[in-house]
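One structure is given below, encoded as structure tokens.
The values are calculated or read from the model by the stated rules, or taken from the named source; none is laboratory data. Not measured: the values here are computed from a predicted model. Glycine also receives a Cβ, built like all others from the backbone with ideal geometry; neighbour counts cover every protein chain displayed. Side chains are part of the model used for accessible areas, which takes the heavy atoms of the whole protein and leaves out ligands, DNA and RNA. Shrake-Rupley method; radii C 1.70, N 1.55, O 1.52, S 1.80 Å.
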Amino acid sequence: MASKKNLVANRAALAHKVRYALGHPQRIAPYVKRAARDRWLAFKHPDHVGYYRAVMASDTRRSPEAAVGSQSHERWLALGEMQFDYLREHGLKPESRMLDIGCGNLRAGRLFIDYLDTGNYYGIDISPDILVAAKKTLTGHGLQAKLPHLTITQDLTLDFLPDAHFDVVHAHSVFSHSPIEVIEECLAHVGRVLAPGGFFDFTFDRTTGTEHHVLREDFYYRTETLVALAGKHGLAARFMDDWETRRHGQSKIRVTAP
């Protein structure tokens with residue numbers, strides 16, 4: 001669970017950066033290197049999707065597992081199991097039709113695919129590089145017969161998907177890397193693809209202080225901002241308190257359509 005200190009911290013503030021650097025001197029060089037890379041990629045790709053696609057391409061070349069936020073294979077496995085266990089305990093059933101936004105290299109997707117009925121998993125991502133890695137995960141786990149759909153997307157309008165089709169929509173560590181306009185785009189359209197009684201779970205980096213971002217990669221939002229944004233588009237949203245007990249580091253909101 002995030003500490004009160006972490007929830008109010010503004011990681012973009014100079015004072016925070018100085019304090020962090022003094023406490024973690026070994027991380028200064030990697031941060032400077034990443035900041036330089038990100039500035040160059042941001043210059044080449046002014047739109048966020050193009051920029052973050054380039055970030056993912058760079059990260060995936062080094063390690064697909066690290067690219068989706070796992071610093072070791074053991075952590076990759078654990079985070080996938082955490083996502084799967086939570087959804088299974090909170091409404092996911094084998095017959096559910098599931099849309100996994102930002103499916104990555106199937107860290108959790110491999111478990112969803114194995115659990116769901118054949119053809120019921122649909123994973124989308126903005127990164128072609130990570131989807132190639134996803135296909136390797138799929139074949140490595142022998143899941144071809146489950147006929148999952150893996151599709152690249154340029155945005156989150158979901159316009160290529162059918163109305164009222166998905167019982168479960170899931171976005172793990174997507175909004176934590178998204179500016180508010182990308183989040184609103186998703187919330188403006190996800191209600192159309194949700195089946196009656198369906199829900200949309202997403203994680204986000206929570207702050208109770210000033211909303212901010214770091215290197216255009218990590219975005220921190222107040223819960224009330226995202227709940228209000230969902231409401232603007234006719235969706236009901238509630239904070240999932242019990243997710244934080246999993247000690248993942250991010251928070252979770254569940255959205256439903258009326």
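The 1.4 Å probe gives accessible areas that order R110, R222, largest first, as R222, R110.
Put one equal scatterer on each alpha carbon of segment 208-254, apply the Debye formula with no solvent term, and list log10 I(q)/I(0) at q = 0.22, 0.28, 0.29 1/Å to two decimals. Summing over Cα pairs of segment 208-254 leads to -0.90, -1.07, -1.08. Of the listed residues F239, F43, the order by accessible area with a 1.4 Å probe, largest first, is F43, F239.
Per-residue surface analysis assigns I180 an accessible area of about 60 Å², computed on protein heavy atoms at 1.4 Å probe radius. Taking every lysine pair in the chain that is 8 or more places apart or spans two chains, those with Cα atoms closer than 22 Å amount to 11.
Treating the angle as unsigned and between 0 and 90°, give the value, to the nearest 10°, between the Cα long axis of helix 223-232 and the longest Cα principal axis of the chain. Helix 223-232 sits at roughly 40 degrees to that axis.
Please report the accessible area of H73 (heavy atoms, 1.4 Å probe, ligands and nucleic acids excluded) in Å², nearest 10. For H73, the solvent-accessible surface is approximately 90 Å².
Axis of helix 14-23 versus longest Cα principal axis of the chain: the two differ by about 90°, to the nearest ten degrees.
Heavy-atom accessible area with a 1.4 Å probe sorts T157, T207, T256, T118, largest first, into T118, T256, T157, T207. Note: relative contact order over the chain, using C-alpha pairs below 8 Å and six or more positions apart, is 18 percent. Summarised in one figure, the compactness ratio Rg/Rh of segment 129-187, Cα atoms and Kirkwood Rh, is 1.00. Roughly how many Å is it from the Cα centre of segment 224-258 to that of segment 134-193, as a whole number? Here the two parts' Cα centres lie 17 Å apart. Net charge in the neighbourhood of A133 (other residues with Cβ under 15 Å of its Cβ; Lys, Arg +1, Asp, Glu -1) is +2.
For the chain, take the longest principal axis of its alpha carbons; what is the angle in degrees between that and the long axis of helix 28-44, to the nearest 10 within 0 to 90? Tilt relative to the chain: about 60 degrees. Ignoring ligands, DNA and RNA, what percent of the 1.4 Å accessible area of the chain is carbon and sulfur? Looking at the chain in its full context, I get 57 percent from C and S.
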